[in-house]
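Take a look at the structure below.
The values are calculated or read from the model by the stated rules, or taken from the named source; none is laboratory data. This one's a predicted model, so the numbers in the text were calculated from it and none came from an experiment. Quick reminder, even Gly has a Cβ in these numbers, built from the backbone with ideal geometry, and neighbours come from all protein chains shown.
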């Protein structure tokens with residue numbers, strides 16, 4: 001599926017290059033464009049990856065489970081989550097057709113799934129993957145000034161605050177990623193991040209990572 | 001006027017001292033405790049520690065507001081005063097926040113409160129140390145157990161007051177010298193202005209006398225009749 005996505009992206013880049021080469025004056029803007037990247041295609045892939053990403057055991061509801069070992073399940077779920085994140089990025093950049101409502105629905109569904117995976121999943125690997133995907137999305141959205149950036153940012157803040165009770169490694173990863181994002185993205189508001197972190201630090205103590213972020 | 005100018009000329013002997021005092025003031029400003037602490041302790045660690053590159057991220061963030069800065073300072077101030085482990089790590093964000101909002105009244109109030117609490121703690125620690133007879137740890141040599149808290153506070157106040165008086169004397173001395181200099185130059189300028197006016201009127205009169213222009217009748221009252 002990742003190969004398929006890469007193929008889509010390559011097609012899209014080629015189409016853009018040919019469009020630029022031909023020039024916009026010819027008027028045939030859609031001639032070089034790949035017709036494969038449509039909203040319905042994306043929705044189809046999203047549905048497919050949802051089957052893997054949603055299930056706790058990572059086996060499709062009606063499908064055959066390829067393996068029964070836990071590691072493979074986690075891996076397939078992580079793959080599905082990162083595929084969804086990539087799809088979102090692709091959809092944001094490349095897919096312009098379709099109803100805006102339907103696009104918003106798809107995006108909300110992906111965000112909800114990533115949110116659940118980052119907070120409620122029992123597996124640490126899945127949490128790491130979901131949070132990493134969210135950080136990638138945040139960076140892309142903030143740099144392109146997309147309307148979904150605040151939602152992703154809020155999800156990450158919740159995840160960061162809740163990670164204190166989860167695992168030290170996850171907390172360190174979140175803190176390091178957040179620090180990196182703060183360094184790179186100078187236009188995101190820090191007030192909403194500082195308030196819960198300060199409260200948490202004064203209630204349940206602090207460590208070096210917390211102070212590094214400050 | 002001449003006598004007054006001579007008085008200022010006498011003050012010129014103090015001119016050599018002026019530069020010296022200005023330099024003293026500059027040095028005093030540069031060697032204030034915060035600068036010393038920052039230069040001696042923070043900068044070397046900032047240069048040689050890799051983890052320091054990540055520090056003061058939100059404190060130096062362009063979208064940080066005063067309210068959030070106060071929240072951070074509140075936490076950091078507690079850590080600086082009470083936690084010897086993480087104390088040094090908090091200097092950077094604290095300094096960057098204090099440098100960033102120096103004009104905000106809330107932050108100035110915070111600094112006042114912080115200094116108050118810090119001095120109180122210092123005094124308590126010194127008292128405890130002196131009471132325990134640990135003279136090595138204490139920089140002030142109080143007579144243990146004989147002086148009351150109020151007396152020792154007075155001693156500390158006197159110390160700080162002396163520091164302030166020294167600083168105030170230096171500033172006052174410099175200001176007096178500058179004032180004298182200004183007066184001296186103003187007087188000289190006044191004298192020069194009067195002399196130039198006299199010279200100009202004399203030249204005009206000579207021109208009128210020899211060349212006829214401006215006519216001498218300008219200087220006589222009959223011109224106005």
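Which residues, counting only those in the stretch B:101-112, are surrounded by 12 or more Cβ atoms within 10 Å (Cβ to Cβ) and in a helix (DSSP H, G or I)? First the steps, then the outcome.
Taking the stretch B:101-112 as the starting set, the residues that turn out to be surrounded by 12 or more Cβ atoms within 10 Å (Cβ to Cβ) are B:101, B:104, B:106-108, B:110-111.
Once the filter is applied, which keeps residues that are surrounded by 12 or more Cβ atoms within 10 Å (Cβ to Cβ) and in a helix (DSSP H, G or I), the stretch B:101-112 yields B:106, B:107, B:108, B:110, B:111.
In the stretch A:105-145, which residues are outside any helix (DSSP H, G or I) and touching a helix residue (DSSP H, G or I) at 6+ places or on another chain (Cβ under 7 Å)?
Matches in the stretch A:105-145: A:121, A:123.
Which members of the stretch B:55-75 meet the condition of being more than 7 Å from chain A (Cβ to nearest Cβ) and crowded, with 20+ Cβ neighbours inside 10 Å?
Those that are more than 7 Å from chain A (Cβ to nearest Cβ) and crowded, with 20+ Cβ neighbours inside 10 Å: B:56, B:69, B:73.
Go through the stretch A:160-170 and give me each residue that's surrounded by fewer than 19 Cβ atoms within 10 Å (Cβ to Cβ), assigned to a helix (DSSP H, G or I) and touching a residue at least 24 places away in the same chain (Cβ under 8 Å). Quick ask: steps written out before the conclusion?
So in the stretch A:160-170, the residues surrounded by fewer than 19 Cβ atoms within 10 Å (Cβ to Cβ) come out as A:161-162, A:165-169.
From the residues that got through so far, the ones that are assigned to a helix (DSSP H, G or I) too are A:161-162, A:165-166, A:168-169.
Correct list: A:161, A:162, A:166, A:169.
Determine which single condition residue B:133 fails, assuming it passes every other condition in (1) within 30 Å of residue A:204 (Cβ to Cβ); (2) outside any helix (DSSP H, G or I); (3) at pLDDT 60 or above.
Answer for residue B:133: the failing condition is (1).
Part of a helix (DSSP H, G or I) and under 21 Å from the mean Cα position of the chain (by Cα): which single residue out of B:98, B:81, B:122 fits that description?
Unique residue meeting the criteria: B:98.
Which of the residues belonging to the stretch A:192-214 are facing another protein chain (nearest Cβ under 10 Å), under 19 Å from residue B:64 (Cα atoms) and assigned to a helix (DSSP H, G or I)?
Matches in the stretch A:192-214: A:192, A:193, A:194, A:195, A:197, A:198, A:199, A:201, A:210, A:211, A:212, A:213.
Search the stretch B:77-95 for residues that are more than 9 Å from chain A (Cβ to nearest Cβ) and pair each with any residue that is buried (at least 19 other Cβ atoms within 10 Å of the Cβ) and in a helix (DSSP H, G or I) when their beta-carbon atoms are under 6 Å apart and the residues are at least 6 apart or on different chains.
B:77/B:114; B:80/B:90; B:87/B:80; B:94/B:76
In the stretch A:176-191, what count of residues is obtained for those that are part of a helix (DSSP H, G or I) and more than 9 Å from every other protein chain (Cβ to nearest Cβ)?
3
Only one of (1) surrounded by 13 or more Cβ atoms within 10 Å (Cβ to Cβ); (2) at pLDDT 75 or above fails for residue B:147. Which number is that?
Of everything listed in (1) surrounded by 13 or more Cβ atoms within 10 Å (Cβ to Cβ); (2) at pLDDT 75 or above, residue B:147 misses just condition (2).
Which of (1) surrounded by 14 or more Cβ atoms within 10 Å (Cβ to Cβ); (2) modelled with pLDDT under 90 does residue A:147 not meet, given it meets every other one?
The single condition residue A:147 does not satisfy is (1).
Tell me which residues, restricted to the stretch B:84-95, are buried (at least 16 other Cβ atoms within 10 Å of the Cβ) and not in a loop (DSSP other than H, G, I, E, B).
Within the stretch B:84-95, B:89, B:90, B:91, B:92, B:93, B:94, B:95 meet the criteria.
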